[in-house]
Amino acid sequence: MGSREIPLPEASPGERELRRDLRRPQMLAVVVGGIVGAGIYIRPASIAQLLGSPALILGVWLAGGILSLFGALTYAQLAMRIPGTGGEYLFLRTTLGRLPAFLYGWMRLTMGPAVIGTMAVAFTVFLGDIVPLGDPWFHVVLPWGNGRDFLDLGQRQTIAVAVILGLAWINTKGVRRAGSFQLLVTICKVVSLVLLLAAITLLNHSPPARTPLPSLENGPTTLAFGAALLAVMQTYNGWANAAIVGGEVRDAERTVPWALVTGIVIVTGLYIVTNLAFLHTLSLAQIITANSTAHPNAPSVASLAVQHAFGGRVATVLPIIFAVSVLGTAHCNVLVFPRVYLTLACDGFLPASLAKLSPHSATPNRATWMLAAIAAVFAVVGTYDRLANMTIFGFLVFYALTTIGFLWSQRVTPPAARGTAFRLTTLIAALFLLGTSALIVASIMRGSFEVLTAVSLIGLGIPIFAVLELLRGKGRQKLATS
């Protein structure tokens, strides 16, 4: 099926002015750097608690990689057929219409800055493990929550805001410079992870004690496996960022699909090898009792593995790796999110000024600074865990919607052209849709506050879309009569 079979919307002037300065290495860095954060160093504990078996633990990490690969293959087809800037926004607008596209943009507009803000906060947490940052300058207890909720302002918040503004500044200097920075940070964190894995595997001379575990009757339940897979998918989230910057990629129809598929394969291999290293170094009981919601004061799985390999002599190794990881992931989001806002503005959903590009760098600087300002607010008032859980649900919803759009677009393929490649891509997309839908249902069944908030926030976009479309219609009528 060729791209000519899907009617493509005409690119806006702002989109046409973007420079195609990103190449394969930078795009691969966007995929890998957008995925690999601090989750792989911490999440194995909660997954082990749910599954209680090394085979199942490795199986669920592999399943998450395969499901993400199916998604990457589906998005690769869309990127080849619908090239341009905006990623899922452009895919949804072309296949399903303006409302699903707007809701995706609305989700990125409301949840995206929050995630960047909390990543900046996480960076200061890891920095604080290396250099003492001191107590906050101001500590205000909020009038709700029986004293559990408070607002701090001090060195941590100042550094978090400075990190966001610094990343935004880099992205206003040109997409080539931003892509090069993303490549550098991604190389640093991947090399650090590989060296860490080699060290904890080779230097761990004494095998871990095999502490008996309480046996699970009949093994883990389907809901437990679903919850584990959802946790795994949170660590894989971020691969779709590559499609968002398609309008700034050289030979995008080839480069974006290559980066998506290659990046997922690399990350899946890293994640499985990382879990093998943890299981080689630590007992399953040690992994289960590592840092998680059930054991909030315990060291992380990665910290325990490093302690076994090195002892306490290199206590600063992990905080540095964590800090570089979250910095790279935060920068990736600062790089891609403004491109969604630019496309929203081009379609009349945001002020037209946000669609304007800098005459010097050809980047959406106004959209970038708007993102940074909102993210800075979240960096002062936000919390990481709840926003991360809320965001992964929102992403899953639009993974499913985008895949529905792809399957819907398949109907225009003439029967004579529906060969093996057509059937294979349709099957892969259907499996990805089935997997994401199952995770959405499992999340809703859990009925968590984060899921309810995400559903409410996405639903709020529907009346906002109706109002914006009404204003847009009146504006066109006024132009027609003038």
Ordering of 396-405, 91-100 by packing [mean C-beta count within 10 Å, highest first]: 396-405, 91-100
Write down, largest first, the equivalent ellipsoid semi-axes of region 13-474 in whole Å, where each equals the square root of 5 times an eigenvalue of the alpha-carbon gyration tensor. 34, 27, 22
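Suppose every K and R has +1 on its Cβ and every D and E has -1 on its Cβ; what is the size of the dipole of region 13-474 about the Cα centre, in Debye to the nearest 20?
Dipole magnitude for region 13-474 comes out near 1100 debye.
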Top positive-direction residue, dipole computed over region 217-358 with Cβ charges, set Val301, Tyr236, Ile320: Ile320
Measure out, as a whole number of angstrom, how far apart the alpha-carbon centroids of region 19-66 and region 219-284 sit. 4
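Since every read-out is calculated from the coordinates, none of them should be taken as a lab result. Note that the coordinates shown come from a computational prediction; the quantities given were computed from them, not determined experimentally. Neighbour counts are summed over all protein chains in view; Cβ atoms, including those assigned to glycine, are modelled from backbone coordinates with ideal geometry.
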